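The values are calculated or read from the model by the stated rules, or taken from the named source; none is laboratory data. Predicted model, so just to flag it, every value in this text is computed and none were measured. All Cβ positions, even for glycine, are placed from backbone atoms using ideal geometry, and neighbour counts span all protein chains on display.
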Amino acid sequence: MVDDARPGDLLPWRDAMDRALYGPGGFFVSGPGPAGHFRTSVHASPAFAAAMLRLVEQVDAALGHPARLDVVDVGAGRGELLRALSAAVGVAGEPARSGRSGLIPPRTGSPATPTPPAAARPPAPSGPSSAGPVPPAPVALAHRVRLTAVEKAPRPADLPDGIDWLDEIPDGITGLLVATEWLDNVPLDVAVHTAEGWRYLLVDPATGAETVGDPVDPADADWLARWWPAPGAGADGIGPTGSGVRAARPAEGPILTARSGSGRPEPPTAARAEIGRTRDEAWADAVGHVDRGLALAVDYGHLRDDRPVDGSLTGYRGGRQVPPVPDGSRDVTAHVAVDSVASAGERVARCAYDLGSQREALRALGADGGRPPLSLAAGDPAGYVRALAAASAVAELTDPAGLGGHWWLRQPVGVDPERFMAR
Ligand SMILES: C[S@@+](CC[C@H](N)C(=O)[O-])C[C@H]1O[C@@H](n2cnc3c(N)ncnc32)[C@H](O)[C@@H]1O
């Protein structure tokens, strides 16, 4: 719990979230960390880290195997992803784990399995031009990779020495910047649509009760006009004065859809909006720290034509979805306006981006999730069981109704973007 939340305080949601999550005693900077309260892709299956390792290899190849390859995890939790990558690559003297360890499924050509260095080279062209000198094999990833966690929480005592721990994104990244379920926890303001237009909602951090505040400022009004369509006439959010106060939305409350007199459902209209400008700025800043390579954001979110009616703000605590009371006792999160974030990143990267589902992205990285054919069971029972175990490890990550529905935003910087398209 944050120490200074008193009943009757009223704060903009952005300040309330910031204090509840990152202030003294805040949810993410004290206690067990995210993994103690909810599952992310990183926690769900080692197959996620295995796919990430393949992406690291792709980035390495696209950059021509630089002398130093950065992997920077922004919003790193307790360093779970980098621990898995560190073990898989064999950083700082750790033996690289083979697939049989159960942590990283084996894959031919991956540094997780011993392979001759030549396997990392592109195939030699055939014909007379192939007669020239063979280029030297790249130095193994373990000797070139630099793993850096960026986190507001303190460095865990048991984190391997080979992983750096910073509270700010470092400059001059050459490699991969990855942010899994970071942006949804970047604090934002919430607005309600009234007869006079959008106004901020204020929240009592101790109870979650909300009050209508001032009209949104010009920058937020611009963001809303571009990215979050206002409700049509007659949409009933909280009125301009309304009752003034209401409890924070229950996590699984009903979704209100306006209906026409004809009985035909009208397109949904949003009474509340989560103003994603802070996420756009955070992502643009992150992308700006990459000199060359790829910035990847993985998160749940929505597009302009499909914004959640009445917003998406909610809470998680102890494995359960709970009302989003910003008192420091729980996660407070809202889905990400991923198209707006992508556009902000593109302005910095000046390069085409790719936005698709985790399901597509993991499949493109070789994590399939499909069941092996039954015919395999007869011919190779042990192989069938192994393939079945590998498929179920991936299934949760690719389920379109769950983690597989998360967005992957790939933002290349200074490299050929074609190399990072999911297809
Ligand atoms: C939902 S957790 C995700 C953890 C991990 N990436 C995963 O996928 O399991 C979000 C994390 O982002 C961290 N975070 C949020 N804003 C941050 C910032 N500006 N700088 C560094 N860390 C931040 C939080 O402290 C929290 O640990």
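For residues in the stretch 156-188 being within 12 Å of the ligand (Cβ to nearest atom) and free of Cβ contacts under 8 Å to residues at least 60 places away in the same chain, which is surrounded by the most Cβ atoms within 10 Å (Cβ to Cβ)?
Of everything passing the filter in the stretch 156-188, 166 is surrounded by the most Cβ atoms within 10 Å (Cβ to Cβ).
How many residues are within 15 Å of residue 364 (Cα to Cα) and either buried (at least 24 other Cβ atoms within 10 Å of the Cβ) or at pLDDT 95 or above (or both) when one looks only at the stretch 407-419?
Number of matching residues: 4.
If residue 205 satisfies every condition in (1) more than 16 Å from the ligand (Cβ to nearest atom); (2) assigned to a strand (DSSP E or B); (3) surrounded by 22 or more Cβ atoms within 10 Å (Cβ to Cβ) but one, which is the exception?
Going through the list (1) more than 16 Å from the ligand (Cβ to nearest atom); (2) assigned to a strand (DSSP E or B); (3) surrounded by 22 or more Cβ atoms within 10 Å (Cβ to Cβ), residue 205 breaks only (2).
Of everything in the stretch 4-54 that's of a type in the set (Val, Ile, Thr) and part of a loop (DSSP other than H, G, I, E, B), which residue is nearest to residue 181 (Cα to Cα)? Reasoning before the result, please.
Initial filter on the stretch 4-54 (of a type in the set (Val, Ile, Thr)): 29, 40, 42.
Now drop any that are not part of a loop (DSSP other than H, G, I, E, B), which leaves 29, 40.
Numbers: 29: 16, 40: 7 Å.
Looking at residues that are of a type in the set (Val, Ile, Thr) and part of a loop (DSSP other than H, G, I, E, B), I get 40.
What number of residues within the stretch 287-313 are crowded, with 20+ Cβ neighbours inside 10 Å and touching a strand residue (DSSP E or B) at 6+ places or on another chain (Cβ under 6 Å)?
Summing the residues that are crowded, with 20+ Cβ neighbours inside 10 Å and touching a strand residue (DSSP E or B) at 6+ places or on another chain (Cβ under 6 Å) in the stretch 287-313 gives 13.
Name the single residue that is surrounded by the fewest Cβ atoms within 10 Å (Cβ to Cβ) among those in the stretch 142-155 being of a type outside the set (Val, Ile, Thr) and outside any loop (DSSP other than H, G, I, E, B). Give the derivation first.
Let us first name the residues in the stretch 142-155 that are of a type outside the set (Val, Ile, Thr), namely 142-144, 146-147, 149, 151-155.
Still in the list and also outside any loop (DSSP other than H, G, I, E, B): 142-144, 146-147, 149.
Values: 142: 17, 143: 13, 144: 18, 146: 17, 147: 26, 149: 26.
In this case the residue turns out to be 143.
For every residue, the table says whether it meets (1) within 13 Å of the ligand (Cβ to nearest atom); (2) in contact with a strand residue (DSSP E or B) (Cβ under 7 Å, 6 or more places away or on another chain); (3) within 17 Å of residue 161 (Cβ to Cβ).
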| residue | (1), (2), (3) |
| --- | --- |
| 45 | yes, no, no |
| 54 | no, no, no |
| 59 | no, yes, no |
| 65 | no, no, no |
| 73 | yes, yes, yes |
| 77 | yes, no, no |
| 84 | yes, no, yes |
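Can you tell which of 8, 33 is of a type in the set (Gly, Ala, Ser) and within 16 Å of the ligand (Cβ to nearest atom)?
33
Quick one: which residue in 318, 263, 293 is at pLDDT below 95 and more than 16 Å from the ligand (Cβ to nearest atom)?
Details: 318 fails: more than 16 Å from the ligand (Cβ to nearest atom); 293 fails: at pLDDT below 95.
Within the list 318, 263, 293, the selection yields 263.
Matching residues to (1) in contact with a helix residue (DSSP H, G or I) (Cβ under 8 Å, 6 or more places away or on another chain); (2) at pLDDT below 80:
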residue	(1), (2)
135	no, yes
139	no, no
147	yes, no
160	yes, no
